[in-house]
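The values are calculated or read from the model by the stated rules, or taken from the named source; none is laboratory data. Computed from a predicted model, the values in this text were never measured in an experiment. In this analysis, Cβ positions are derived from the backbone assuming ideal geometry, glycine residues included, and neighbour counts consider all displayed protein chains.
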Amino acid sequence: MRLEGIHHITAITGDAPRNVDFYARLLGLRLVKKTVNQDDPTVYHLFYADELGSPGSDLTFFEYPGAQRGRAGAGMVHRIVWRVASEEALDFWEERLRKEGIEAARESGQLRFSDFEGLDLELAVVETDDAPLTADHPEIPAELALQGFDAVRAFSVEPDTSRRFLEKGLGFRPAEEATFELRGEERGSFYIYDQARERGLGGAGTVHHVAWASPQEEHEAWRQKVLEAGGSPTPVIDRFYFRSIYFREPSGVLFEIATIGPGFTTDEPLEHLGERLSLPPAFEHLRDQLEPVLTPLPDSRARESVG
């Protein structure tokens, strides 16, 4: 049994329209599902990914309108790293961000910047046999587009407290110092610790949790493995588009193990993903109550800035 790297990453925003503008228009991701937070259905849960809505490319946001900015600290993921194919891709993104007035720090093989709420992002040139997970965008050539996640970086006071749990419990393999690789048959990604001395504060511009990908038939077995490793997983929760368990690893970061499938085409055809509010059957009876209170969003395929 091996987990297939990152399934999705979930963060928090206080402004869904600007969030759509940044991630769909500027970064070129596809809004593949516009739904609600199943634990608080009065707020959005937005999913951005590649053209097919593939695990490994899926960045999601809960919108709490007007939420104060948070601050990443110990026990939190603080940076999201996407793959790109070349230094030429970094040239493209450096110029595209510059035109938007976004400062970026360039090093060999890396470009770092933040979104409008301070979420730390990085593009990294990565050589891999993993299939590139790209979205279609008229302003972004496919060979220069974001290709899915390579890593997340988390803050920890004492990373070694997590080593045994990650390696023996979840099958991570040690790479460089404080770096762990999780690789399955199809995909892989990295989990990297940076030192932190203080706790963070959740809010807009912070990561809520990171999910790792499990084949559907192995999901219950992974819950048992987490228990045997000393974790405290939730029961399996049916999220309709996938099934989930949640638990904290010893450094405090909230983990999820999510199934690969059924997927986002369960209730929408591929060509129309993300165009309307999608509600799982258990929430459909709330549609008339939810649609008036959810924030109006721009057309995610429109290519003009919302200002």
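If you take just the strands (runs of 3 or more DSSP E) that sit entirely in the range 1-100, which of them hold at least 2 residues that are among the hydroxyl-bearing types (Ser, Thr, Tyr) and under 23 Å from residue 259 (Cβ atoms)? Talk me through it step by step, then tell me what you get.
Values: elements: 6-13, 30-37, 40-49, 58-63, 76-84.
Counting at least 2 such residues, we get 40-49.
Does any residue of the range 187-198 turn out to be hydrophobic (A, V, I, L, M, F, W, C), over 19 Å from the mean Cα position of the chain (by Cα) and farther than 29 Å from residue 31 by Cβ?
Initially, the range 187-198 is screened for residues hydrophobic (A, V, I, L, M, F, W, C), giving 190, 192, 196.
Narrowing further to those that are over 19 Å from the mean Cα position of the chain (by Cα): 196.
Next, only the ones that are farther than 29 Å from residue 31 by Cβ stay: 196.
So far as the range 187-198 goes, yes, one or more of its residues are hydrophobic (A, V, I, L, M, F, W, C), over 19 Å from the mean Cα position of the chain (by Cα) and farther than 29 Å from residue 31 by Cβ.
Yes or no: residue 244 touching a residue at least 40 places away in the same chain (Cβ under 8 Å) and of a type in the set (Ser, Thr, Tyr)? Steps first, please.
Working: touching a residue at least 40 places away in the same chain (Cβ under 8 Å): no; of a type in the set (Ser, Thr, Tyr): yes.
So residue 244 fails the test.
Of all the residues that make up the range 176-198, how many are within 20 Å of residue 7 (Cα to Cα) and surrounded by fewer than 14 Cβ atoms within 10 Å (Cβ to Cβ)?
Keep residues of the range 176-198 that are within 20 Å of residue 7 (Cα to Cα), which gives 179-193.
Remaining after also requiring surrounded by fewer than 14 Cβ atoms within 10 Å (Cβ to Cβ): 185.
Count: 1.
Residue-wise test of (1) in contact (Cβ under 8 Å) with a residue 12 or more places away in the chain; (2) among the aliphatic types (A, V, I, L, M); (3) touching a helix residue (DSSP H, G or I) at 6+ places or on another chain (Cβ under 9 Å).
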| site | (1), (2), (3) |
| --- | --- |
| 118 | yes, no, no |
| 130 | yes, no, no |
| 136 | yes, no, yes |
| 139 | yes, no, yes |
| 143 | yes, no, yes |
| 175 | yes, yes, no |
| 185 | yes, no, no |
| 188 | yes, no, no |
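Mind telling me which of the residues 112, 106 ends up being out of contact with any helix residue (DSSP H, G or I) (no Cβ under 9 Å at 6 or more places or on another chain), at pLDDT 95 or above and of a type in the set (Lys, Arg)?
Numbers: 106 fails: out of contact with any helix residue (DSSP H, G or I) (no Cβ under 9 Å at 6 or more places or on another chain).
Exactly one residue qualifies, and that residue is 112.
Out of all the residues in the range 211-232, is one or more in contact with a Ser or Thr (Cβ under 8 Å, 6 or more places away or on another chain) and more than 28 Å from residue 263 (Cβ to Cβ)?
No, the range 211-232 has no match at all.
Restricting to the range 239-277, name every residue that is of a type in the set (A, V, I, L, M) and crowded, with 17+ Cβ neighbours inside 10 Å.
Applying the first criterion (of a type in the set (A, V, I, L, M)) to the range 239-277 yields 245, 253-254, 257-258, 260, 270, 273, 277.
Answer for the range 239-277, where residues must be of a type in the set (A, V, I, L, M) and crowded, with 17+ Cβ neighbours inside 10 Å: 245, 253, 254, 257, 258, 260, 273.
Is it the case that the range 149-161 has a residue that's hydrophobic (A, V, I, L, M, F, W, C), in a helix (DSSP H, G or I), in contact with a Phe, Trp or Tyr (Cβ under 6 Å, 6 or more places away or on another chain) and more than 23 Å from residue 262 (Cα to Cα)?
The initial filter retains those residues of the range 149-161 that are hydrophobic (A, V, I, L, M, F, W, C), namely 149, 151-152, 154-155, 157.
Now restrict to residues that are in a helix (DSSP H, G or I): none.
Scanning the range 149-161, I find no residue that is hydrophobic (A, V, I, L, M, F, W, C), in a helix (DSSP H, G or I), in contact with a Phe, Trp or Tyr (Cβ under 6 Å, 6 or more places away or on another chain) and more than 23 Å from residue 262 (Cα to Cα), so the answer is no.
Test residue 155 against the criterion of being of a type in the set (Phe, Trp, Tyr), farther than 24 Å from residue 225 by Cα and either buried (at least 22 other Cβ atoms within 10 Å of the Cβ) or touching a Leu at 6+ places or on another chain (Cβ under 6 Å) (or both), and give yes or no.
Working: of a type in the set (Phe, Trp, Tyr): yes; farther than 24 Å from residue 225 by Cα: yes; either buried (at least 22 other Cβ atoms within 10 Å of the Cβ) or touching a Leu at 6+ places or on another chain (Cβ under 6 Å) (or both): yes.
When the stated conditions are applied, residue 155 passes them.
Quick check on residue 139: is it closer than 24 Å to residue 110 by Cα, modelled with pLDDT of 95 or more and either in a helix (DSSP H, G or I) or among the β-branched types (Val, Ile, Thr) (or both)?
On the way: closer than 24 Å to residue 110 by Cα: yes; modelled with pLDDT of 95 or more: yes; either in a helix (DSSP H, G or I) or among the β-branched types (Val, Ile, Thr) (or both): no.
No.
Which members of the range 69-87 meet the condition of being touching a helix residue (DSSP H, G or I) at 6+ places or on another chain (Cβ under 7 Å) and either more than 18 Å from residue 24 (Cα to Cα) or small (Gly, Ala, Ser) (or both)? Before you say what the answer is, go through the steps one by one.
Of the residues in the range 69-87, the ones touching a helix residue (DSSP H, G or I) at 6+ places or on another chain (Cβ under 7 Å) are 84-85.
Passing the criteria: only 85.
Does the range 129-146 contain any residue that is under 19 Å from the mean Cα position of the chain (by Cα) and under 28 Å from residue 195 (Cα atoms)?
If we filter the range 129-146 for residues that are under 19 Å from the mean Cα position of the chain (by Cα), which is where we start, we get 130-136, 145-146.
From what is left, the residues that are under 28 Å from residue 195 (Cα atoms) are 146.
For the range 129-146, residues under 19 Å from the mean Cα position of the chain (by Cα) and under 28 Å from residue 195 (Cα atoms): present.
Please identify the pairs in which a residue from the range 247-264 that is more than 21 Å from residue 216 (Cα to Cα) has its Cβ atom under 7 Å from the Cβ atom of a residue that is in a loop (DSSP other than H, G, I, E, B) and modelled with pLDDT of 95 or more, counting only partners at least 6 apart or on another chain.
Matching pairs, first to second residue: 251/75; 252/75; 253/75.
Given the conditions (1) loosely packed, with under 12 Cβ neighbours inside 10 Å; (2) not in a loop (DSSP other than H, G, I, E, B), which single one is not true for residue 292?
(2)
If we scan the range 244-267, do we find a residue that is closer than 25 Å to residue 30 by Cβ and basic (Lys, Arg)? If you could, list the steps in order and put the result at the bottom.
We begin by selecting, within the range 244-267, every residue closer than 25 Å to residue 30 by Cβ; these are 244, 256-267.
Among the residues that remain, those that are also basic (Lys, Arg) are: none.
No; the residues of the range 244-267 include none that is closer than 25 Å to residue 30 by Cβ and basic (Lys, Arg).
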